[in-house]
Amino acid sequence: MNTPLSSSITVKLGSLLAGVTLLMLAGCGAESTGASYKATVTMRDSAIVPGGDSSEPNGNGGTDNGQTPTTASGFGTLTGLVKFVGTVPVLADVAPSKQTDICKPHKDEALIVNPENQGVQNVFVWIKKRPKGAEATSVPNAPALFDQQFCQFKPHAQLVRVEQKIIVKNSDGVAHNTKASTFLSTPFDSGGLPKLSETEFAYDNAEKQPIVVTCSFHGWMKAWQFPLKHSYAALTGADGRFVLGASPDNPDGLKLPAGNYKLQVWHESAGSGPPSNRYLEKNRTFTITANETTDITIDYPARKASQTN
Amino acid sequence: MNARMKLISTASTALLLAGCLANSDTEFVYQTQTDELMKEAKKGFKQPDGGDKVWGLENYLLDLFGTPNDLVAWKRLPVDFGAAGNNLAQGRKLYMEHCMHCHGVSGDGDGPTARYLKPLPRDYRKGLFKFTSTLASDKPNRDDLKRTIKLGIPGTYMPSFMLLTDSELHSVTEYVRWLALRGELELKLDAELSDYDNSDAVRQSRRDDIAAAKKALTAAEKEAEKKPGDPALKAEVAAKQEARKRAENAKETLDKDVRQFLLSQGDSAEDGLREKVDENADFIVGRWARVTDGQNRIVPLAPRTPSSPESINRGRRLFLDNEIKCLECHGDTGQGNGPQTRSYAEGADKPGLFDDWGHPQKPRNLTTGIYRGGRRPIDIYRRIRGGIKGTKMPPNIKLKDQQVWDLVNYVLSIPLNEGPAVTQNKHDHDHDHDHKQADASGE
């Protein structure tokens, strides 16, 4: 039947249908960047950095090339003290929550301040690269020892060389699982490490700053390790003092060519969160004069000591 | 009426078509660590004397990997790009069709569907894949990834793609590996550039340092005024002035530093970002290439101990052994409700375990008989020996092969047990916990 009413409805429906079909077709056209799009592929040897030729892969695996000091005549050494300034916070003892017959409460090593001279222990100091003209020391043959007993890591802070063998020991009466959370090197997981057993590993790349070592079974256990490709670094002792590049064979430290340098100073309680947030000081300048020992004091203000780790 | 309807439908169609014609370029997204870097570190900078732009992290990634519509096949990567990159292009097409809606354009596990999924789809960008046949510290090999794509992951939303042809499976696996390599390089460069963090926390701490240095200087000057001429106090003031200068110049020092680093100049000579890209690419390639030919696979030396009541019993003893610690997470009945699920990890505000992607992770409820990584005995063997990468399931290389097979037999028997497999009274444990029901609806 072709009444006026039905014909206007037909027209409306027809237009609506046409509109919807066009909408749907429009939707199909929009697949220009979807699955059916043919992506182009450019083959590339390496980055073509503007202003330079495309570089050949460096290939030297990041060997230590040394940095150029600003002057070069004579050598000196660096020693120093990291001194806590202000009221020393008293940390609560670490209280193990399980296997308490073996894991006993112990002092929290996150901030150890010497009461006599306010020296802070376990502060890492280093320069980023071995200076050109400074001695290139080789990776020690003697392995580093990283142990755990009474559910505590020993030592709490450790400097190692890349590729230096580290013996991970469990001298404890319980099983542990030691993990190193790395950024630039291959992560290490000892797996279940039974009591009175050991395993070993070595870092295959340097890190930018110390990294944390933990135990999956005993969440309170924490230690910090720092693998470097050179030995121009130090860890402060119980008196808060350090000698850059010192080792048992070389207590006087390594000699640096005279010039200006930047020292990185890092401590686990100088911040919270990722290790990159825990610097005490970045790029602390110091100068080496020929045949002299430069001694610096680095202040560790109380406001930087973070309690939430 | 007629004319108006026509006008409306034409106008709306024109608008829609206009939208289609505009080229909507999909882009890879960057990870949080990249977003929080200083602008120069991310995007490079223009040299003041009008030389070429110096590249930052994003420029390198764009040049070496491209965009989703214009891919770059960087030959150094251990990816089978195929002749003229055909394999990669086909892989990308299949990925966009089948995978992108969950795994995201960048492989970040955050595609449009991801918000409705629990557990979340895999974020490839750490280069961590859970169900592998390789050693704990190694990358997955191609077969591991192909197996996951082909069979899917039971108990999750990852379906089986059994109907892909071999060539399609191969190309999409290569594209996934390529996305993972891109993500890993980005993270490594983030670590190299971590000095140039510009997050809110870092900027606030710089401001705090300046304020504190000013305060310390004022205090030292006041002291010196009381006793003029005292050399020790004069030295103090000088030291505090030095400290204030250092604090105020910290941002400028970093600005100068980052530019030198990006230019490979100054103290960073031969060790700038460009060299770090190469160095870290070599490192990542080495780790992936180490397993491409079937090396470093977990292969039992002892043949499988067939299941038997004795083997299951031995396995049960090992499972409940306090030194091996399966029950710490999986619970004494294997329901995934062990004490670790109620304890607080370092720095966490919620109890329980978290995986490497920062998401809460429930230990597997072994009573369900659903094994995500595969239900063959060798699959369970590999989970125990190699752990599950990216999660808190650790490897175990100290147990003997026969012991692991006993554990495998026990684990496979748990769903068939009629009652709880506990040998001691729950209340005898020496830790405190409240007896909540195991949450069986979790991961």
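Let's see how each residue does on (1) assigned to a strand (DSSP E or B); (2) touching a Leu at 6+ places or on another chain (Cβ under 9 Å); (3) touching a residue at least 40 places away in the same chain (Cβ under 8 Å); (4) surrounded by 20 or more Cβ atoms within 10 Å (Cβ to Cβ):
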| position | (1), (2), (3), (4) |
| --- | --- |
| B:ALA348 | no, no, no, no |
| B:PRO351 | no, no, no, no |
| B:ASP356 | no, yes, yes, no |
| B:TYR381 | no, yes, yes, yes |
| B:ARG385 | no, yes, yes, yes |
* Asked: Which one of these is touching an Asp or Glu at 6+ places or on another chain (Cβ under 8 Å), at pLDDT 95 or above and within 14 Å of another protein chain (Cβ to nearest Cβ): B:GLY127, B:GLY104, B:GLY109?
  -> B:GLY127
* To do: Taking B:ALA239 as the residue in question, decide whether it is within 13 Å of chain A (Cβ to nearest Cβ), aliphatic (A, V, I, L, M) and under 43 Å from the mean Cα position of the chain (by Cα).
  => no
* Of all residues in the stretch A:229-254, count the ones that are within 14 Å of another protein chain (Cβ to nearest Cβ) and out of contact with any Gly (no Cβ under 8 Å at 6 or more places or on another chain). => 1
* For the stretch B:156-163, does any single residue satisfy the condition of being closer than 30 Å to B:TYR30 by Cβ and assigned to a helix (DSSP H, G or I)? -> no
* To do: Specify which of the listed residues (B:ILE149, B:ILE153) is in the same structural domain as B:LYS39 (by TED's automatic domain parsing) and over 30 Å from B:VAL72 (Cα atoms).
  => B:ILE153
* **Search result, residues across the stretch B:259-311 that are farther than 30 Å from B:LYS146 by Cβ, in contact with an Asp or Glu (Cβ under 7 Å, 6 or more places away or on another chain) and away from every other protein chain (no Cβ under 12 Å)** => B:ARG259, B:SER311
* Mind counting the residues in the stretch A:79-106 that are of a type in the set (Lys, Arg) and modelled with pLDDT of 95 or more? => 1
* Structure fact -> Restricted to the stretch A:256-287 and to residues being assigned to a strand (DSSP E or B) and free of Cβ contacts under 8 Å to residues at least 40 places away in the same chain, the residue farthest from the other protein chains (Cβ to nearest Cβ) is A:THR287
* **Which listed residue is assigned to a loop (DSSP other than H, G, I, E, B) and either β-branched (Val, Ile, Thr) or out of contact with any strand residue (DSSP E or B) (no Cβ under 9 Å at 6 or more places or on another chain) (or both), from A:GLY253, A:GLY219** => A:GLY219
* Structure fact -> Checking B:GLU252, B:GLU248 in turn, the sole residue that is part of a helix (DSSP H, G or I), without any contact (Cβ under 8 Å) to a residue 24 or more places away in the chain and not assigned by TED's automatic domain parsing to the domain that holds B:LEU117 turns out to be B:GLU252
* **Within the stretch A:107-145, tally of residues that are touching a strand residue (DSSP E or B) at 6+ places or on another chain (Cβ under 6 Å) and among the hydrophobic types (A, V, I, L, M, F, W, C)** => 11
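The values are calculated or read from the model by the stated rules, or taken from the named source; none is laboratory data. For clarity, every value in this text was computed on a predicted model and none was experimentally measured. So basically every Cβ, Gly included, is an ideal-geometry build from the backbone, and we count neighbours across all protein chains shown.
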